[in-house]
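The structure appears below as structure tokens.
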Amino acid sequence: MIRDTRDWWARGQSLLGLVLMVLLMSILSDRFLTVENGLNILRQISVNLCLSVGMTLIILSGGIDLSVGAVLALAGAVAAGLLKEGLPLPMFGVMLQFTVGGAILAGILVGLAMGWFNGLVITRFRLPPFVATLGTLSIARGLTMLWTGGYPITGLGQTFGFLGTGFWWGVPMPVWICAFWVVVFMMVTRRTRFGRYLYAVGGNERAALLTGLPVDRVKLWVYTLGGGLAGVAGLLVTARLDSAQPNAGLGYELDSIAAVVIGGTSLSGGRGSVTGTVLGCLIIGVLNNGLFLLNVSPFWQQVIKGMVILAAVALDRMNPRND
């Protein structure tokens, strides 16, 4: 009951902030409040939303993941490389060709594998999540450069590109894909035993251990799922650009963490929700879009975004906790 009250308080703040921001941007720009611009905002936040849903799970468990941007790049590059060039099998002297479905599956599996590696290092070797995922960031960036040779992989075809640029019922495909994962993990965190374990581990890990909860298994799962969602985000970026860029995803981990924090999830773990993260992503998307329409310098945009993040963290610290 206390947790639900806190989550409602945090979501209420985020929703109020979003409404005020939409009203302000609507007054300042007559191009803001249009259907076309609304769909554009949703398409723009889709990649960050995929990353942020996974980051929400990780932060709820009391962890952090700095590698999601690099995993995004690696997953997108692997999928693009397999689709464009195939996979050589030296022992058999043949080139294994991948369909679009096979390449997509491979990209997601790469994300899951990198996330599983993060979870394994954290749970087995007891490394702090910050250090472990920082190392994985470097590993994933290096593997991406080795796989691509430092050059973009382009010309991936219309079928694959539909994931990033297509429409269904007038709504961009990335929005549908992200909406699906949002609904899935809203249900997982609120309606399953795993979700209850997740909040318990993030709220008080020692107490969770003493009550017999599988703490390490929960952590392994959240990092694996976070990596898988980073893989999905990598596919969306690659499909939208029709190109796998070796340096894709730079700084994306910061936007992801910012969306989670602005959405009311506590960095200390155990409190927050996927719904709040959706609001956080919308706030960042509306802010970026509005500032662009107002021709605000990109440098000032960074300053303003940083101030919004600091304000969100300050509000989080002032929330009633009843500890």
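Among GLY111, GLY119, GLY115, GLY69, which is the only one that is buried (at least 18 other Cβ atoms within 10 Å of the Cβ) and touching a Lys or Arg at 6+ places or on another chain (Cβ under 8 Å)? The conditions single out GLY119.
Out of ALA103, ALA70, I need the residue that is modelled with pLDDT of 90 or more, within 16 Å of THR154 (Cα to Cα) and part of a helix (DSSP H, G or I). Which one? When all the criteria are applied, what remains is ALA103.
State yes or no: is ASP255 in contact (Cβ under 8 Å) with a residue 40 or more places away in the chain and within 17 Å of ALA312 (Cα to Cα)?
Judged against the criteria, ASP255 is a match.
Of the numbered criteria (1) part of a helix (DSSP H, G or I); (2) among the small types (Gly, Ala, Ser); (3) surrounded by fewer than 19 Cβ atoms within 10 Å (Cβ to Cβ), the one GLY285 fails is (3). In the range 190-230, the residue that is farthest from the chain's Cα centre (by Cα) out of those that are farther than 15 Å from GLY119 by Cα and of a type in the set (A, V, I, L, M) is LEU210. With respect to the conditions (1) crowded, with 24+ Cβ neighbours inside 10 Å; (2) over 29 Å from VAL286 (Cα atoms); (3) of a type in the set (Gly, Ala, Ser), ALA208 falls short on a single one, namely (1).
Yes or no, residue by residue, for (1) within 30 Å of GLY155 (Cα to Cα); (2) assigned to a helix (DSSP H, G or I):
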| site | (1), (2) |
| --- | --- |
| VAL218 | no, yes |
| VAL232 | yes, yes |
| ASP255 | yes, yes |
| SER268 | no, no |
| GLY276 | no, yes |
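Report whether or not ALA248 is under 26 Å from GLY69 (Cβ atoms) and in contact with a helix residue (DSSP H, G or I) (Cβ under 9 Å, 6 or more places away or on another chain). Judged against the criteria, ALA248 is a match. The helices (runs of 4 or more DSSP H) found entirely in the range 121-214 that carry 2 or more residues being closer than 27 Å to LEU250 by Cα and out of contact with any helix residue (DSSP H, G or I) (no Cβ under 8 Å at 6 or more places or on another chain) are 129-148, 173-191. Pairs meeting the criteria (first residue in the range 48-71 and within 13 Å of THR265 (Cβ to Cβ) and touching a residue at least 40 places away in the same chain (Cβ under 8 Å), second residue of a type in the set (Lys, Arg) and open to solvent by 10 Å² or more (accessible area, probe 1.4 Å), beta carbons under 7 Å, at least 6 apart or on different chains) are SER61/LYS219; GLY63/LYS219. In the range 129-150, the residues that are under 13 Å from MET114 (Cβ atoms) reach residues that are open to solvent by less than 40 Å² (accessible area, probe 1.4 Å) and among the charged types (D, E, K, R) with C-beta atoms within less than 6 angstrom, at least six apart or across chains, in these pairs: THR133/ASP65. Looking across the range 137-187, the residues that are out of contact with any strand residue (DSSP E or B) (no Cβ under 9 Å at 6 or more places or on another chain), farther than 30 Å from GLY276 by Cβ and loosely packed, with under 14 Cβ neighbours inside 10 Å come down to SER138, GLY142, LEU146, GLY149, GLY150, TYR151, GLY157, GLN158, THR159.
The values are calculated or read from the model by the stated rules, or taken from the named source; none is laboratory data. No experiment lies behind these values; they were computed from the predicted model shown. Note: ideal-geometry Cβ built from the backbone for every residue, glycine included; neighbour counts use all protein chains shown. Please note that ligands, DNA and RNA were not included when accessible areas were found on the heavy atoms of the full protein model with its side chains. Shrake-Rupley method; radii C 1.70, N 1.55, O 1.52, S 1.80 Å.
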